[in-house]
Amino acid sequence: RSARMLQILSWGIVAVGIIFVGILTCSFRWISMPLRKIAQGCTRIANGDIAHRLPPVSNWQDEFADLVAGVNCVADRFQQAEEELLHKVKERSEQLVRSQKLAIVGFLAAGVAHEINNPLSAISMAAESMEFRLYDLIGLQSQDAREIMDRVAMIRRESRRCGDITARL
């Protein structure tokens with residue numbers, strides 16, 4: 001009777017061992033493998049491959065399918081955010097280039113205005129000095145003297161006008 005009991009107990013232990021190994025195998029196949037695939041996909045996305053999407057890891061609509069859908073949704077949002085950021089960077093870069101071009105044009109205009117103002121100032125001062133000297137020398141007695149004085153006054157006036165234009169530039 002004890003030999004029979006020992007044999008039944010032995011077969012029971014073997015059956016429990018087989019069931020235990022079966023449960024481990026099934027849990028590895030149904031739980032651990034899908035989790036590994038999800039973890040590998042998440043790592044790939046986290047390392048910058050935001051175009052990667054996780055394939056279905058199970059044939060059922062279970063928690064793994066929900067997890068895969070959630071990870072793919074997050075990846076979609078990451079990709080959308082990256083595209084928006086790239087668009088903003090492109091816009092800002094274009095604005096920066098425009099600003100730099102305008103700054104260069106402004107710098108050039110200021111340099112040109114300065115270079116033109118120097119001779120204009122000299123012309124204006126020379127015309128004013130000539131006007132006073134001519135008045136002292138010849139006065140306004142003849143028609144030619146008045147015409148010369150008018151022309152010198154016009155030179156002085158127009159050189160000041162050019163100076164105002166370059167100052168606005």
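The values are calculated or read from the model by the stated rules, or taken from the named source; none is laboratory data. Bear in mind the structure is a predicted one, so any value in this text is a computation, not a measurement. Reconstructed Cβ throughout: ideal geometry from the backbone, glycine too, with neighbour counts over all protein chains shown. Note: areas computed on protein heavy atoms with side chains; ligands, DNA, RNA excluded. Shrake-Rupley method; radii C 1.70, N 1.55, O 1.52, S 1.80 Å.
Points worth noting:
- Solvent-accessible area of the range 1-78 (1.4 angstrom probe, protein heavy atoms only): carbon and sulfur portion equals 68 percent.
- Lysines with Cα under 25 Å of LYS101, excluding same-chain neighbours fewer than 8 positions away: LYS88, LYS90
- All Cα pairs of the range 82-169, percent lying beyond 17 Å: 65
- Efficiency of FRET between TRP11 and MET33 - r from beta-carbon atoms, R0 30 angstrom, step 0.05: 0.45
- Distance from the alpha carbon centroid of the range 6-83 to that of the range 90-126 works out to 66 angstrom.
- What the Cβ-Cβ distance of ARG151 and VAL105 gives, at R0 = 41 Å and to the nearest 0.05, is a FRET efficiency of 0.70.
- Packing rank of 123-134, 52-63, where each peptide gets the mean count of other beta carbons within 10 Å, highest leading: 123-134, 52-63
- Contour minus Cα-Cα distance for ARG77 and SER121 (0.36 nm per residue): 9.4 nm
- Crossing angle, helix 63-138 versus the chain [Cα axis fit, 0-90 degrees, rounded to tens]: 10
- A 1.4 Å probe run over the chain, with the rest of the protein chains in place, finds 80 Å² accessible per residue.
- For the Cα trace of the chain, dividing Rg by the Kirkwood Rh returns an Rg/Rh value of 1.80.
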